[in-house]
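The values are calculated or read from the model by the stated rules, or taken from the named source; none is laboratory data. Every value quoted in this text rests on a predicted model; they were computed, and no experiment measured them. Heads up, the Cβs are rebuilt from the backbone with ideal geometry, glycines too, and the neighbour counts pull from every protein chain shown.
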Amino acid sequence: MITDNQTIRFEDGGAYERYMGIWSRLVGEQFLEWLAPPPNERWLDVGCGNGAFTEMIAERCAPALVAGVDPSEGQLAFARTRPALRTAQFRQGDAMSLPFADGAFDAAVMPLVIFFVPDPAKGVAEMARVVRTRGIVTAYAWDMLGGGFPYDALQTEMRALGFPPSKPPSPDASREEALRDLWIGAGLTSVETHQIAVQRTFADFDDYWTTILGGPSVGGRLAAMGSAETAELKARLRARFPADASGRITYTARANAVKGMG
């Protein structure tokens, strides 16, 4: 039995892109449709990672300025290679202590990040601080406790085999009700929440398996499994994800979103 004592770290921007970047864009598209932000805003992407969502802001929101902050320099290095982000401002930093002045932005977003923040309330307060009066403070998060995480089935089967994946520090913050309470608690107004469901298709089971091997929260655990356990895990996952006539695998993930005004 392996105990859950590892910290989830995202350092490889390329591996993260395949594992989560695609999911991030799928949910990000629906999130931006719901948010419908005005053009010419100064944006901050908190926990920007490898820039998957930051790129969407640059391409879809006609921003006046785009900035991103993340604790991983490796992820930031990948973000800087994205053509749409050549003029973006990236800084290494902590969501609970943002390296920006009060009111420096018109909009701050925390995409798929809040459950990784040890003190979510502090993270929301920091976003509210760096956004101007009547600016947008927003986020979306996989519904971690409601089975909405894209690789929830994988994690469930890994736990059943005695190889539990690492857990984020604040999974409760991903609940719709918790997000609403955090936003209201930070003094934000006009708070609204929204549920998002997205689907992703893998070419076949091998495509899915190769993708999860690079997953930061599961890759190390998968590598630690013996051949018998690996074979059993594959069999369980094949049963969970029946392929269509072309061999493709499609399944759904769910996220909760929230927005409020500073």
Worksheet item: Among the residues of the range 231-253, is there at least one that is in a strand (DSSP E or B), in contact with a helix residue (DSSP H, G or I) (Cβ under 9 Å, 6 or more places away or on another chain), at pLDDT 95 or above and within 22 Å of Ala139 (Cα to Cα)?
Response: yes
Worksheet item: Mind checking which residues of the range 56-86 are charged (D, E, K, R) and either part of a loop (DSSP other than H, G, I, E, B) or modelled with pLDDT under 95 (or both)?
Response: Glu73, Arg80, Arg82, Arg86
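From the list Pro164, Pro150, Pro168, exactly one residue is within 21 Å of Gly28 (Cα to Cα), at pLDDT below 95 and not in a strand (DSSP E or B). Which is it?
Details: Pro164 fails: within 21 Å of Gly28 (Cα to Cα); Pro150 fails: at pLDDT below 95.
None of the others qualify; the one that does is Pro168.
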Worksheet, complete the sentence: Expected single match for surrounded by fewer than 24 Cβ atoms within 10 Å (Cβ to Cβ) and either in contact with a helix residue (DSSP H, G or I) (Cβ under 8 Å, 6 or more places away or on another chain) or within 11 Å of Val46 (Cβ to Cβ) (or both) among Ala128, Ala88, Ala108 is Ala88
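May I ask you to say which residue of Ser170, Ser174, Ser166 is within 30 Å of Asp119 (Cα to Cα) and in contact with a strand residue (DSSP E or B) (Cβ under 8 Å, 6 or more places away or on another chain)? Give the steps one after another, and end with the answer.
On the way: Ser170 fails: in contact with a strand residue (DSSP E or B) (Cβ under 8 Å, 6 or more places away or on another chain); Ser166 fails: in contact with a strand residue (DSSP E or B) (Cβ under 8 Å, 6 or more places away or on another chain).
On inspection, the qualifying residue turns out to be Ser174.
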Practice prompt. State yes or no: is Leu65 free of Cβ contacts under 8 Å to residues at least 60 places away in the same chain and farther than 24 Å from Ile196 by Cβ?
Written response: yes
Discussion item. So Glu192 ticks every box in (1) touching a residue at least 40 places away in the same chain (Cβ under 8 Å); (2) over 30 Å from Gly135 (Cβ atoms) but one. Which box is left unticked?
Written reply: (2)
Worksheet item: Considering only the range 184-207, how many residues are closer than 21 Å to Ala239 by Cα, within 22 Å of the chain's Cα centre (by Cα) and either outside any strand (DSSP E or B) or modelled with pLDDT under 95 (or both)?
Response: 1
Fill in: Failed criterion for Thr138 (all others in (1) buried (at least 21 other Cβ atoms within 10 Å of the Cβ); (2) out of contact with any Lys or Arg (no Cβ under 6 Å at 6 or more places or on another chain); (3) closer than 25 Å to Asp94 by Cβ hold)
(2)
